[in-house]
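Working notes, beginning with the structure itself.
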Amino acid sequence: MKVKLKVWRQMSANSAGGFKEYETPDLNSNMSFLEMLDVVNDELTIKGEEPIAFDHDCREGICGTCSLVINGKPHGPHRGVATCQTYMRNFSDGDVITVEPFRARSFPVIKDLIVDRSAFDRIMQVGGFISVRTGSACDANAVPVPKEAADLAMDAAACIGCGACVAACKNGSAMLFVSAKVSQFGLLPQGQPERDQRVLAMVKQMDAEGFGNCTNYYECSAVCPKLISHEFIARMNRDFLKATLRSAFTQAPTGASAAG
Amino acid sequence: MAKLESKIPSGPLAQKWTKHKAEIKLVNPANKRKYEVIVVGAGLAGASAAASLAELGYGVKCFVFHDSPRRAHSIAAQGGINAAKNYQNDGDSVYRLFYDTIKGGDFRAREANVHRLAEVSVNIIDQCVAQGVPFAREYGGLLANRSFGGAQVSRTFYARGQTGQQLLLGAYSALSRMIGLGAVQMFTHSEMLDLVVVGGHAKGIIVRDLVTGEISRHAADAVVLATGGYGNVFNLSTYARNSNATAIWRAYKRGACFANPCFTQIHPTCIPVTGDYQSKLTLMSESLRNDGRIWVPKKPEDSKKNPSDIAEGDRDYYLERMYPAFGNLAPRDISSRAAKKVCDEGRGVGASGLGVYLDFSDAIKRLTEAGVRERYGNLFDIYHEITDENAYQVPMRIFPAVHYTMGGLWVDYNLMSNVPGLFVLGEANFSDHGANRLGASALMQGLADGYFVLPYTIADYLVGQKPAARPKTAAAEFQQAEDNVRGITARLLAVPGKEPISHFHKRLGKILWNGCGMARNATNLKKALQEIPALRAEFWQNVNVPGEDAALNQSLERAGRVADFLELAELLCVDALDRDESCGCHFREEHVDPEGECLRNDDQYAYAAAWEYQGEGQAPLLNKEPLVYETVHMAKRNYK
Ligand SMILES: Cc1cc2nc3c(=O)[nH]c(=O)nc-3n(C[C@H](O)[C@H](O)[C@H](O)COP(=O)(O)OP(=O)(O)OC[C@H]3O[C@@H](n4cnc5c(N)ncnc54)[C@H](O)[C@@H]3O)c2cc1C
Ligand code: SF4
Ligand code: FES
């Protein structure tokens, strides 16, 4: 099979970008989408053109490095998989496929299809943790955790931090990502002591990074490669409300400095 | 000759670590912040080390080539992490975990290190649970366990099929907390391209910013490399595509010895290769071998038949037949070789004939499809995405693939290399797995090194260094190292070649797989040793590296890494040729016992081979660290 690609090319953060078209050579339908781009890039190299820059690493749907909006959908046509788990057998010979970066105000383009997602790290740095110094933990079985709570925490923890939820949202909201982390810790007994300050600090940072509000379209969970449920957003909203009320009475300090 | 002092503490095995911890001098708390430590890498080993050192008060700078510390290759580990908790009451103990691991490594690891690893394994689980790692639990709310290869107890802790992800996110959260507090300075998209050695001590690194191309110098009182394994030297592997050897290779060229480079693990259960375009191989977790049964047809003529048309009596469950005590849970090296053997006999399945079945039909009968889904659902999904086959209905097809490197930079008991001030953690060092690693023990080692070993042992070095006396980055050694880095980049961009980088990487992978893969012999190794330098010469004449230096340039990144692989590959074969015995993963066809198993030669080869760089075009120098077993007897490995 052969396909035609319409790919977003942009030299750097500050330059203007635009679409360029490429014809692929003959492809094997068992190729992954990224392997198809590898082949196209090798051809470009041989022709003396600069290859298409795109992010990837594990190529098995777990590191969250790959991105790409394929035919208008973050991570491509299939539900519950990342771009690197998208295979050419899902396309037909002669298809025209549009490939763009994850676009969002808080994810500036670095080059071509690569965007800067460091805002996620900064949100994590203000509260995405349980403060436990190395060596200070009690025996792992000292605190039983109900299986249902542990399983639901794991559902939330499965987030790979790819940012597709943001790219899919017309408001550029990061609520699904943040709520997954907040919920993971909020569901576990170990996460209780810092529960209020965590959600307040992370939401504050999320706003500071310029992510938009959630207006309940749930495009996020529809494109999420790990099918993180938007119910975590509701859970976080409740946590946030309670924490806001409580902090109004107690003036609890918020943020990482307090957590330290 | 390098000085290899293993610094193993004296005293009985089980007390060495406690005694050593008690004897290590401490750095005065007020002085700790005057020391700067560079940590390269934020996988399990690097992130846990950076966070723990910062908690102690050291100034920490952490560098990763990834866009975020959360993306390290550790994230991909599926199956689990071992710990001698004995929560199952099935007779596990620190000693048993130690013994399984050292036996699993075919008695080519250092006794004292492995025992320490087993000791601290229990602390790791405590630490991770406290961080909010959502391990699998039983209905009573306590932690669940599963079995892994090479063990007869159930000591593996897991978080669905995403154990590495959850452990890494735990370490990343600890690291993030310290970044938020300003105690760790984090440098992402920053690739270390050289080590700076001043007065014989590691005192800094040279880094390229992968977004802008800018080269910077960083000085420190000690440098920690936690940069992962080098399995991508084979091109096709289960590693993340960008994993590479550049950090440790360039440290090797600055004097750090490279130990046992030929000890590379080939994992038995991966999805078979289908075509030349393929960029990576996908692991199917070893945990599947708990319930899946491995077989091939008894007769070669059945190998192209539909598996459901092959009668039970015509199937050869070869692991169960050859290793009845461990069956499908035989260690990786042994299982991989057995798969190779049956395929060499023409009994392999699938279009290429390079595959064996991993069959869940019995498990489905016993546990129901829903029960199997509960345990392995995500792995079956991955298999389906890649192969378009439903493994609930037809058996999976699997084949061995390169997966892990036991070799790495030589380190002493303190995890310090022979270059003082240079520490090496996690998969990047050589210390704990000998000639074969057991499943679920790399995660354990990475976190042991970072959380519980280095934070103590680094003091042993730092107390001898005057606080705040590290060299300035204006020093001549920094200039020289920066010139070296700029020189390599300029040479790569200047080659007026035609072929893309992948062309060379693929060819290198084939040479190594054939010459230094699952079975090795002197003839094929010598052939590979001819082919590799020739390919390297061709690379430097005919590689095509597009783009420029002062910008994000993925071709340039890859070219530098492949250039290093082209050198490292040669050392792999040199080491494999030198080790004229079979042990663990290193199966020399000349040394086989009557049953077809590895024949070790403890009289001559009970040593760690620590290779020392002698300059371009010179043969590396072999230093030997004798492996002295004070407590266990170097037995023949038996899994029958
Ligand atoms: C598919 C798969 C499944 C596995 N499953 C298991 C399992 O179930 N149980 C188990 O115990 N083990 C498992 N392993 C092995 C285990 O995951 C690894 O050995 C381990 O995670 C390595 O951790 P690390 O911290 O040493 O290195 P890595 O996680 O590889 O981290 C390397 C770090 O170094 C950085 N880095 C590297 N080079 C440079 C440079 N030059 N400059 C700057 N930064 C650099 C990277 O950015 C990264 O942060 C598995 C491995 C694979 C491939
Ligand atoms: S919630 Fe889903 S889409 Fe968003 S970052 Fe996490 S895995 Fe990606
Ligand atoms: S490359 Fe890792 S998730 Fe896609």
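If I take every Cα pair under 8 Å that is 6 or more residues apart in chain A, average their sequence separation and divide by the length, what percent do I get for the relative contact order? Don't skip to the answer; put the middle values down first.
Numbers: 462 pairs, mean separation 50.2, N = 260.
Taking the mean separation of contacting Cα pairs over the length of chain A, I get 19 percent.
What whole-number distance in Å separates the alpha-carbon centres of the range A:144-196 and the range A:16-34?
35 Å
Skipping prolines and chain starts, which residues have an amide H placed within reach, meaning under 5 Å, of the one on B:ASN623, given they are 5 or more residues away or on another chain?
B:ALA610, B:TRP611, B:GLU612
Would you mind giving the mean number of other chain beta-carbons within 10 Å of the Cβ of each residue in A:116-128, as a whole number?
If you average over the peptide's residues, the count of other-chain Cβ atoms is 5.
How many percent of DSSP beta bridges within the protein assembly as shown run antiparallel, rounded to 5?
Details: 58 of 82 bridges.
Roughly 70 percent of the beta bridges in the protein assembly as shown run antiparallel, per DSSP.
Once you've got the GNM for chain A with C-alpha springs shorter than 10 Å, pick whichever of A:LYS47, A:LYS204, A:LYS242 has the biggest mean-square fluctuation.
So, out of A:LYS47, A:LYS204, A:LYS242, the one fluctuating most is A:LYS47.
Post the alpha-carbon centroid distance, the range B:363-440 to the range B:8-59, in whole angstrom.
Between the Cα centre of the range B:363-440 and that of the range B:8-59, the gap is 28 Å.
Take every Cα pair under 8 Å in chain B that's 6+ residues apart, average their separations, divide by the length, and report that relative contact order as a whole percent.
Values: 1420 pairs, mean separation 131.0, N = 640.
Rounded, it is 20 percent for chain B.
Tell me which aspartates and glutamates have Cα within less than 13 Å of B:LYS16's Cα, excluding those fewer than 8 residues away on the same chain?
Within the straight-line cut-off, B:LYS16 pairs with B:GLU111, B:GLU119, B:GLU630.
Calculate log10 I(q)/I(0) of the range B:275-366 for q = 0.23 Å⁻¹, where I(q) comes from the Debye formula with a single equal point scatterer on each Cα and nothing for solvent.
For the requested q values the scattering log ratios are -1.31.
On a straight-distance basis, which aspartates and glutamates could pair with A:LYS73 in a cross-link, Cα separation under 15 angstrom, same-chain partners fewer than 8 positions away excluded?
A:GLU100, A:GLU219
Would you calculate, for the protein assembly as shown, the mean residue ellipticity at 222 nm contributed by helices, counting each DSSP H stretch of 4 or more residues as -39,500 (n - 2.57) and dividing by all residues, to the nearest 500?
Numbers: 26 runs with 323 residues, N = 900.
Calculated mean residue ellipticity at 222 nm is -11000 deg cm²/dmol.
What number, in nm² with one decimal, is the all-direction average of the projected area of the convex hull of the alpha-carbon atoms of chain B? Working shown, then result.
Working: hull surface 108.5 nm².
The orientation-averaged projected area of the Cα hull of chain B comes to 27.1 nm².
Any idea of the accessible area per residue across the range B:267-402, 1.4 Å probe, to the nearest Å²?
38 Å²
Tell me, what does the Kirkwood hydrodynamic radius of the protein assembly as shown come to in angstroms if you use every pair of distinct C-alpha atoms?
Working: mean 1/r = 0.0361 Å⁻¹.
Evaluated over the protein assembly as shown, this radius sits at 27.7 Å.
In the range A:149-176, what residues drop by 10 Å² or more of accessible area when the other protein chains are put back, versus the chain on its own? Use 1.4 Å, and skip ligands and nucleic acids.
Listed by number, the residues meeting the 10 Å² cut-off are A:ALA150, A:ASP151, A:MET154, A:ASP155, A:ALA157, A:ALA158, A:CYS159, A:ILE160, A:GLY161.
Of all DSSP beta bridges located in chain B, what percent are antiparallel, nearest 5? Don't jump to the answer; show the numbers that get you there.
Working: 44 of 63 bridges.
Around 70 percent antiparallel, to the nearest 5.
Restricting to Cα atoms and excluding each atom paired with itself, what does the Kirkwood estimate give for the range A:1-112 in Å?
Working: mean 1/r = 0.0697 Å⁻¹.
Value: 14.3 Å, from the Cα pair sum.
B:GLY228's amide H: which non-local residues (gap 5+, or another chain) put their own amide H closer than 5 Å, with H modeled 1.01 Å from N in plane and none for Pro or chain starts?
B:GLU427, B:ALA428
What does the convex hull of the Cα atoms of the range A:118-258 come to per residue, in Å³, rounded to a whole number? Before the final figure, lay out each step's value.
Details: hull volume 16.8 nm³, N = 141.
Per residue, the Cα convex hull of the range A:118-258 comes to 119 Å³.
Only four residue types carry charge here, +1 at the Cβ of Lys and Arg and -1 at the Cβ of Asp and Glu. Report the dipole size of the protein assembly as shown about the Cα centre in Debye, rounded to the nearest 20. Write down the numbers at each step before the final one.
Values: 99 positive and 100 negative charges, 342 e Å.
Magnitude of the dipole: close to 1640 debye.
Please report the net charge: other residues with Cβ closer than 11 Å to the Cβ of A:ARG9, K and R +1, D and E -1.
Counting the neighbours of A:ARG9, the net charge comes to -2.
How many Å² of accessible surface get buried when B and A come together, counting both sides, probe radius 1.4 Å, rounded to the nearest 100?
Values: alone 23750 and 13170 Å², together 30860 Å².
Between B and A, the summed buried area is about 6100 Å².
Could you list, in their original order, any pairs among B:LYS280/B:LYS341; B:LYS298/B:LYS340; A:LYS6/B:LYS506; B:LYS304/B:LYS341; B:LYS3/B:LYS624 whose Cα atoms are separated by more than 19 Å?
B:LYS280/B:LYS341; A:LYS6/B:LYS506
Regarding the range B:168-282, what are the three Cα extents along the principal axes, ordered largest first, in Å?
46, 35, 28
Between B:LYS472 and B:GLU23, what is the label-point separation in nm under the 7 Å Cα-to-beta-carbon projection?
4.0 nm
How large is ³J(HN,Hα), in whole Hz, for each residue of the range B:176-191 in order, when computed from phi with the Karplus curve 6.51 cos²θ - 1.76 cosθ + 1.60 and θ = phi - 60°, using x for Gly and Pro?
4, 4, 6, 5, x, 7, x, 8, 10, 9, 9, 10, 8, 6, 10, 9
What number comes out for the charge environment of B:ALA563, summing +1 per Lys or Arg and -1 per Asp or Glu over other residues with Cβ under 10 Å away?
Values: positive: B:ARG491, B:ARG536, B:ARG558, B:ARG561; negative: B:ASP564, B:GLU567.
Cβ neighbours under 10 Å give a net charge of +2.
What does the convex hull of the Cα atoms come to per residue for chain A, in Å³? Please report the intermediate quantities before stating the final value.
Working: hull volume 39.2 nm³, N = 260.
Taking the convex hull of the Cα positions in chain A, it is 151 Å³ per residue.
At q = 0.16, 0.18, 0.20, 0.21 Å⁻¹, what log₁₀ I(q)/I(0) does a Debye calculation on the Cα points of the range B:476-614 give, no solvent, two decimals?
-0.88, -1.00, -1.12, -1.18
Loop-only GluC sites (Glu not before Pro) in the range B:560-589, please: DSSP not H, G, I, E or B, and at most 13 other Cβ atoms within 10 Å. It would help to have the intermediate numbers written out before the result.
Values: sites: B:GLU567, B:GLU570, B:GLU581, B:GLU589; in loops: B:GLU581, B:GLU589.
Taking the range B:560-589 and a limit of 13 other Cβ atoms within 10 Å, the loop GluC sites (Glu not before Pro) found are B:GLU589.
Using alpha-carbon pairs under 8 Å, 6+ residues apart, how would you state the relative contact order of the range B:267-402 in percent? Before the final figure, lay out each step's value.
Values: 208 pairs, mean separation 46.3, N = 136.
Reported relative contact order: 34 percent.
Could you tell me what percent of the accessible area of chain B is made up of carbon and sulfur, with a 1.4 Å probe and every protein chain present?
Working: 10350 of 20700 Å².
Looking at chain B in its full context, I get 50 percent from C and S.
The values are calculated or read from the model by the stated rules, or taken from the named source; none is laboratory data. Keep in mind it's a predicted model, so treat the numbers as computed, not measured. Heads up, the Cβs are rebuilt from the backbone with ideal geometry, glycines too, and the neighbour counts pull from every protein chain shown. Surface areas here come from the heavy atoms of the whole protein model, side chains and all, with no ligands, DNA or RNA. Shrake-Rupley method; radii C 1.70, N 1.55, O 1.52, S 1.80 Å.
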